[in-house]
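There's a structure below that I have some questions on.
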Amino acid sequence: MVTELNILVIEDHDLLREVTVDALCHNGYKAESIDCAESLDDEMAGKAFDIYIIDLNLPGEDGLSLVQRIRDSQPLAGIVILTARMRMSDKLLGYNSGADIYLTKPIDQSELIAVVDALGQRIVKTKRAMLPKSDLILELNLNTRILNGLVGKELLSNSEVTMLVALGKASSNRLETWQLIELIGENVETYPKSSLEVRITRLRYKIMKLGADKSCLLSLRDFGYYLTIQIRIN
């Protein structure tokens, strides 16, 4: 489940709006809500959301107009229409206006969560694909052990922090295998290289989840490991 994305629910029915936001938050998402399109420009001015859940029967500017406006300004955003309008002509208008998904009320909250998660995964993959890999810079907070990227954050273990900091500070960002083994407090003579590779693989996977590709942490044959991206340490 992709939970680091921001979601905005635009629904004028107070109870439904509250229930929808509660369901999203209960499942780990960061969700906010407004009751009309005009509030997007007033209360939410300056904010950009990853996914919008929009009712069509809104007071003032209608939902279709809002969908088109959001799609024009945020081509990568996920847009879900959630409405009581069930006619095929309305569905076609919704998709032609820029919606990704058209759902009709009433809807089981589990289906809505599944839709949001599917859209979230697509958005994250798209963001990763668009990142200039060579320019990717991750930020590591030593106090919290949190590694931050453009598409989320990951909690590192103590040994992962040690290895990442050492590689980031090493000459040419390379360290020999024995050096990493010593840094994590193991015996160079007895600690299996395969165990170190397991640790490196886990660290590489966490870095990749933040937008890097698999070449972010390379294994150098008969030498050690090479960190190919920049780490900013706080």
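Among all the lysines, which ones have a C-alpha under 25 Å from K30's C-alpha, if same-chain residues fewer than 8 places away are not counted?
The reachable lysines, counting only those whose Cα sits under 25 Å from K30, are K47, K105, K125, K127, K153, K206, K209.
Could you report the accessible area of R122 in Å², rounded to 10, computed with a 1.4 Å probe on the protein chains as they sit in the structure?
90 Å²
For the pair M44 and L76, how long in nm is the line joining their label points, each one 7 Å along Cα→Cβ?
Going by the 7 Å Cα→Cβ label model, 1.8 nm.
When N counts the residues of region 151-207, how does its alpha-carbon radius of gyration compare numerically with 2.2 N^0.38 Å, as a ratio?
Working: Rg = 11.5 Å, N = 57, 2.2 N^0.38 = 10.2 Å.
So the Cα radius of gyration is 1.12 times the expected 2.2 N^0.38 Å.
Across region 92-199, what fraction of all alpha-carbon pairs, as a whole percent, falls in each successive 5 Å bin from zero upward?
2, 9, 13, 13, 14, 12, 9, 8, 7, 6, 4, 3, 1, 0
Placing +1 at every Lys and Arg Cβ and -1 at every Asp and Glu Cβ, with all other atoms neutral, what dipole size does the chain have around its Cα centre, in debye to the nearest 20?
Rounded to the nearest 20 debye, it is 1280 debye.
Return the long-range amide H neighbours of M44 (sequence gap of 5 or more, or a different chain), with a cut-off of under 5 Å between placed amide H atoms.
The answer is none.
Still on this structure, please answer the following. How large are Rg and Dmax for the chain when only the alpha carbon atoms are used, in Å?
22.7, 73
For region 143-159, what does the Karplus curve 6.51 cos²θ - 1.76 cosθ + 1.60, with θ = phi - 60°, yield as ³J(HN,Hα) per residue in whole Hz, taken in order and with x for Gly and Pro?
5, 9, 6, 8, 9, 9, x, 6, 10, x, 8, 9, 8, 9, 6, 4, 5
Using a 1.4 Å probe on the protein heavy atoms, what percent of the accessible area of the chain belongs to carbon and sulfur? If you can, show how the numbers build up before the last one.
Numbers: 6190 of 12270 Å².
Carbon-and-sulfur percentage of accessible area, whole number: 50.
Continuing with the same structure: At 222 nm, what helix-only mean residue ellipticity would the chain give, in deg cm²/dmol to the nearest 500, using -39500 (n - 2.57) for each DSSP H run of four or more?
Details: 8 runs with 97 residues, N = 234.
The helix contribution divided over the chain gives -13000 deg cm²/dmol.
Ratio to report: Rg/Rh of region 40-108, with Cα atoms as the point set and Rh obtained by the Kirkwood method; give two decimals.
Looking at region 40-108, the ratio lands at 0.95.
Just reorder K214, K91 by solvent-accessible area, largest first, 1.4 Å probe, all chains present.
Of K214, K91, the descending order of accessible area is K214, K91.
Taking H as built 1.01 Å from N, whose amide H comes closer than 5 Å to the amide H of I233, not counting residues under 5 places away?
HN-HN under 5 Å from I233: L140.
Of all GluC sites (Glu not before Pro) in region 7-64, which ones are in loop regions per DSSP and have a Cβ with at most 10 other Cβ atoms within 10 Å?
Working: sites: E11, E18, E32, E38, E43, E61; in loops: E11, E43, E61.
Qualifying residues, ordered by number: none.
A follow-up question, please. In Å, the Kirkwood hydrodynamic radius of region 3-80 over pairs of distinct alpha carbons?
Taking the inverse mean of 1/r over all distinct Cα pairs, region 3-80 comes out at 12.5 Å.
Karplus couplings for region 58-63 from phi (6.51 cos²θ - 1.76 cosθ + 1.60, θ = phi - 60°), rounded to Hz, Gly and Pro as x?
Using θ = phi - 60°, the values come out as 9, x, x, 4, 7, x Hz.
Once the dipole of the chain is set up with Lys and Arg at +1 and Asp and Glu at -1 on Cβ about the Cα centre, which of Q68, L24, L217 lies farthest towards its positive end?
L217
Show which aspartates and glutamates lie in cross-link reach of K193 when reach means a straight Cα distance below 20 angstrom and same-chain residues fewer than eight apart are skipped.
Candidates past the 8-residue exclusion: E160, E176, E182, D222.
The values are calculated or read from the model by the stated rules, or taken from the named source; none is laboratory data. Nothing here was measured: the structure is a model prediction, and the numbers come from that model. Please note: Cβ atoms are built from the backbone with ideal geometry, for glycine as well, and neighbour counts cover all protein chains shown. For accessibility, only protein heavy atoms count, side chains too; no ligands or nucleic acids. Shrake-Rupley method; radii C 1.70, N 1.55, O 1.52, S 1.80 Å.
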